[in-house]
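Just so you know, all these numbers are worked out from the coordinates, no wet-lab data involved. Quick caveat, the model's predicted, so the values are computed rather than measured. Glycine gets a Cβ as well: all are built from the backbone with ideal geometry, and neighbour counts include every protein chain shown.
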Amino acid sequence: MKQFCVKDVIEQAKDTLITTGKHIPQFIGYSDKGLIVGVIMFGNDEEKEMTIDFIREKVSSNNIKKYWVIMEAWKSNIKPGEKIFRCASRDIDRNECLLVSEFNSDMKNIVVCIPFKRVDGKIVFEKEQITKDSYTMWNVYLEKEGIQERMDRSIQDINDAFIKKMSKDLAHKYKDEFSKVKSKEEIMRVVLKALIEGKKKIDDQKKTMLEVVEDEDRKEN
């Protein structure tokens, strides 16, 4: 039997999306008995966790050394310091993408993100974005605890980068005012101004969250 490669899976996934207008989450794996293909369904975090446990059991019981997870997803480009963390599905600037992840037992993994737009009823693909990050919840060759720890650290890094950039920007903005103060009262006045502006910048982050914008639109209508 011809062995699939990630390019084959990508082309098949693209064809499915073009033909049907959607791609239901799918699992494809090679076992000792041959190819195993299945649809994976989930609607919330609890169901997603159950789905991952199902894949974990399937991979273990069938001695699967290579598998793919294919699905539509949301993509959000968060540049360091630009935004606090949010799931891509909650970002006002989110974009649709086709996600094809290949996982190998030797940890030589690849994740291919293919952004796309729907133009006049047609699927228009954009440039593929490729990473080799193993630390995703869909990699069942890793222990759950290690994945969660790595994800928590990534979230903290994004939030820390935002706070660091905001602090640097505020320090630069109020540099001249701080250089001219001559008393504790004046220092506290400038510090308070900077703190108030910092709080506003953090509060303004809510306006980049999709559910907040949608709620404000409903109130206006």
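Summary of values
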read-out	value
Student exercise, segment 46-199 dipole from Lys, Arg, Asp, Glu Cβ charges, in Debye to nearest 20	660 debye
Computed label-point distance, nm, for sites L192 and I36 using a 7 Å Cα→Cβ extension	6.5 nm
Two-site FRET efficiency, E177 against N95, from Cβ-Cβ distance with R₀ of 30 Å, rounded to 0.05	0.15
Net lengthening on full extension, L170/E82 (0.36 nm per residue, minus Cα-Cα)	30.2 nm
Dipole of the chain, positive end: most advanced residue of N62, L192, T208 [Cβ charges, Cα centre]	L192
Computed [θ] at 222 nm, deg cm²/dmol, the chain (DSSP H ≥ 4; -39,500 (n - 2.57); rounded to nearest 500)	-15000 deg cm²/dmol
Fraction of the pair-distance distribution of the chain above 26 Å, Cα-Cα pairs, percent	51 percent
Calculated FRET efficiency for the pair E47/V124, C-beta based, R₀ 41 Å, to 0.05	0.85
Karplus-derived 3J(HN,Hα), 6.51/-1.76/1.60, for each residue of segment 16-31, Hz, glycine and proline x	4, 5, 5, 6, 9, x, 7, 9, 5, x, 9, 10, 10, x, 9, 10
Per principal axis, descending, Cα span of segment 53-152 in whole Å	44, 33, 22
³J(HN,Hα), Karplus 6.51/-1.76/1.60, whole Hz, each residue of segment 193-206, x for Gly, Pro	4, 5, 5, 5, 5, x, 4, 5, 4, 5, 4, 5, 4, 4
Cα lying deepest toward the dipole's positive end in segment 87-190, options N139, P115, S105, charges on Cβ	P115
Label-point separation in nm, M137 to R150, each point 7 Å along Cα→Cβ	1.5 nm
Karplus-derived 3J(HN,Hα), 6.51/-1.76/1.60, for each residue of segment 177-185, Hz, glycine and proline x	5, 5, 6, 9, 5, 10, 8, 4, 4
Over segment 151-220: Rg over Rh, Cα atoms, Kirkwood Rh	1.14
